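Single-structure report; data block below.
Computed from the coordinates by the stated procedures, all read-outs in this text should not be read as laboratory data. For clarity, every value in this text was computed on a predicted model and none was experimentally measured. Glycine also receives a Cβ, built like all others from the backbone with ideal geometry; neighbour counts cover every protein chain displayed.
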Amino acid sequence: MPFGWCSIGRRVLFGLAAALALGAASVQATPYLVVDADSDQVLMENEATAPWYPASLTKLMTVYVALDAVRNGKLTFDTPLVMSARAARMPPSKMGFRPGTEVTLDNALKMLMVKSPNDVAVMVAEAVSGSIEAFADDMNVDAQRLGLHESHFVNANGLHNPAHVSSARDMATIARALLREFPDHADLFSIGALQLGRQYIPNHNGLLGRYPGADGMKTGFTCPAGFNVVASANHSGRRLIVVVLGAPSARSRNQEAADLFDRGFASGGGGSSLESLPSGSGAAPNMRANVCLHRNAAALAAAEDDGMAQQAEAAAGSAGRAGMLPTPLAALFTPVAVHTELTYERIRFDPVPVYIGPAPGWKGPALGARPTTPERAAAPGGRKTISADNSSTAATTAEGDASAPVQTSPRSKHKPARHSEKRTAAHKPIKSATEKSEKKDVSTN
């Protein structure tokens, strides 16, 4: 009998160990990364170079290309952008502006980082590069220059497209580039809320105001991608960037990011660099069954849009990792001096005002969608601005105003070998394939 009880005990212990092992394996299923923003040292990572659908994390790259265009004199922050009919057709999340509406680049970028509107992302793309497709080319050129490995972009907003992929490593690289190359605009990523007329628009980032030192950057959600976040936080002058991809809910995504920050700030550093991580391969997984099965995607997106995703999750039942930190099993038992449990009470931020229309006193042209075909090259450069629907023009200011439309950027003539084949394959069907998938998947916050 004692032997029998001992045998049962061993079976129980074995079963418990197996359950822990399975649990550990399950929580390691999706990528995460913690990197020191200054030293480029990777402090923790799991599958950081695995291809993944970035959803609205894409908009970090959209902002990078837009800021680069300003730096290169293609337009200014006061340049009005024109909402095209194509941009206005984008599915939510969106601002819902009518075609012809003008918004300055400065206001558009603020909306992009807080509300994450898909229509405004297209508006920015068309103003900077003339079309979604041309802007995607510019994104991929900049991606190669920044040293991205797994990324290939086909749109400016992250709406689902099988050819539109990135990785945790690449997203951290974009975040570092934004902070290092454009430090004067880092406040774009830390805005807690916007005020548009009487409308108060909160940020989707559940770490802002809840995790000590959190100061940006961007969240994203589609059913194929799951709940994603790129976040930054600063403790005593040390800034870390955390990337979490494929979480089953906004709440678990936010708590995992907080847990990773806690462990990252408690660590001494000394890891490898982002560039030294081995490149990933294969197709990005589709998380729809894990994230949206038996759960309404539109309701999840709406809850994320309102910054109150935990309410929908409570109604649907907590799924997946539910705050468990996706680290290797040994790290689960590593003591941490501080554990930050996020709260979910509503936070009221002092909103940053934004507005529709040109900047007061603006006398230059507005930029919108324009031809990128040979007739564009034949048109007199810098003389007219073509509106979003090519139906109206406006004279430019003298001496080649920086906001005037320009010919295709010289850098877009150089076809990067890493992306050239994929871009060629994706280019012809991009309009129909993208628009079909856009209608199918509500995205991307």
Amide H within-cut-off set for residue 94, under 5 Å, with H built and near neighbours excluded: 118
Whole-Hz ³J(HN,Hα) from phi, Karplus 6.51 cos²θ - 1.76 cosθ + 1.60, for the range 79-93, glycine and proline x: 4, x, 9, 10, 6, 8, 4, 5, 5, 5, 7, 4, x, x, 6
Loop GluC sites (Glu not before Pro), the range 175-281, which have at most 15 other Cβ atoms in a 10 Å radius of their Cβ (DSSP): 275
Dimensionless Rg over Rh [the range 119-170; C-alpha; Kirkwood]: 0.97
Packing-based order for 165-174, 89-98, using average beta carbon neighbours within 10 Å, highest first: 165-174, 89-98
Principal axis box of the range 169-250, alpha-carbon based, largest edge first, Å: 35, 32, 23
Coarse-grained scattering of the range 74-195 at q = 0.18, 0.22 Å⁻¹, given as base-10 log I(q)/I(0) from a Debye sum over alpha-carbon atoms: -1.06, -1.51
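Of the peptides 232-238, 202-208, how do they stack up when ordered by the mean number of other Cβ atoms within 10 Å, highest first?
Most protected by this proxy first, the peptides run 202-208, 232-238.
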18 Å Cα-Cα threshold exceeded, pairs from 115/363; 115/218; 110/218; 74/115: 115/363; 74/115
Nonlocal amide H pairs with residue 44, under 5 Å, H built at 1.01 Å: 34
J(HN,Hα) series, the range 43-55, from Karplus relation 6.51 cos²θ - 1.76 cosθ + 1.60, nearest Hz, glycine and proline x: 8, 8, 6, 9, 6, 5, 10, 5, x, 8, 6, x, 6
